[in-house]
């Protein structure tokens, strides 16, 4: 099973609903170790994506992904805008002309996105950032795509890996961004960026199922 354009659009629409529902929770997580605006920013960013989507939904997948990235870049404040914006844009840049994504394409999109996060934020594993979520998830996605699994099977297998990675951010001490100023006081809190990234994966599974 590949992922088609209609499913991509459904994923984006559903993400908009999820970030609306989780706005307060994500903001609470961010209040503990950041600027208390992550939920507000993700909600605003995806609201803008929904405004923009009708202008590109007839176009190819690469164009849609790039448009999502540019919209998030221009509408989300703080560190998350450039990071999420780059994530979606990098995936779009390598998928020009595509009307659906097979498992290999899907793995390439996620890998390009994670590379974008690395280029933008320069995180290391264990810094308590969204990269702590994406690094093990990407490894699993590439492995399963290499085995020839379909996109839904890959996402289903990635979800428990992502859940563990998310929980594993709680005992970490933040070493990047605003949270790093707290030093040891950042220990014991779940990373907001890793949490909003987890919702991306969880929501994709819903849509593909």
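Read the figures in this text as sums done on the coordinates, not as results from a lab. Computed from a prediction, not measured in an experiment: that's the story for all the values here. No Cβ is skipped: glycine too gets one built from the backbone with ideal geometry, and neighbour counts run over all protein chains shown.
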TODO: Using only alpha carbon positions, build the gyration tensor of the stretch 109-209, then give the equivalent ellipsoid semi-axes as the square roots of 5 times its eigenvalues, largest first, whole angstrom.
DONE: 26, 14, 10
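Could you work out [θ]222 nm for the chain from helices alone, using -39500 (n - 2.57) per DSSP H run of at least four and dividing by all its residues? Round to the nearest 500 deg cm²/dmol. Mind dumping the intermediate values first?
Numbers: 9 runs with 142 residues, N = 209.
Calculated mean residue ellipticity at 222 nm is -22500 deg cm²/dmol.
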TODO: Round to the nearest 10 and give me the degree value, 0 to 90, for the angle of helix 151-167's Cα axis relative to the longest principal axis of the chain.
DONE: 0
- [ ] Please report the relative contact order for the chain, taking Cα pairs under 8 Å with a sequence separation of at least 6, and give it as a percent rounded to a whole number.
- [x] 23
Open item on the list: Checking the a/c ratio against 1.5 first, then a/b against b/c, what shape does the Cα gyration tensor give for the stretch 1-83?
Closed with: prolate
Task: the stretch 132-209 versus the stretch 5-60: alpha-carbon centroid distance in Å - done: 17
TODO: For the chain, find the longest principal axis of its Cα atoms and tell me its angle to the long axis of helix 130-146, 0 to 90°, nearest 10.
DONE: 30
TODO: Quickly rank 39-47, 148-156, 76-84 as a protection proxy: mean count of other C-beta atoms within 10 Å, highest first.
DONE: 39-47, 76-84, 148-156
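Using a ≥ b ≥ c from the Cα gyration tensor of the stretch 94-165 (square roots of the eigenvalues), is it rounded, prolate or oblate, where a/c under 1.5 gives rounded and otherwise the larger of a/b and b/c decides, a/b for prolate?
Because a/c hits 1.5 or more and a/b fails to exceed b/c, the stretch 94-165 counts as oblate.
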Open item on the list: Quick check: the angle from helix 103-121's long axis to the longest principal axis of the chain, C-alpha only, nearest 10 degrees?
Closed with: 30
TODO: Starting from one equal scatterer on each C-alpha and no solvent at all, send me the Debye-based log10 I(q)/I(0) for the chain at q = 0.08, 0.13, 0.14, 0.18 Å⁻¹, two decimals.
DONE: -0.24, -0.66, -0.77, -1.31
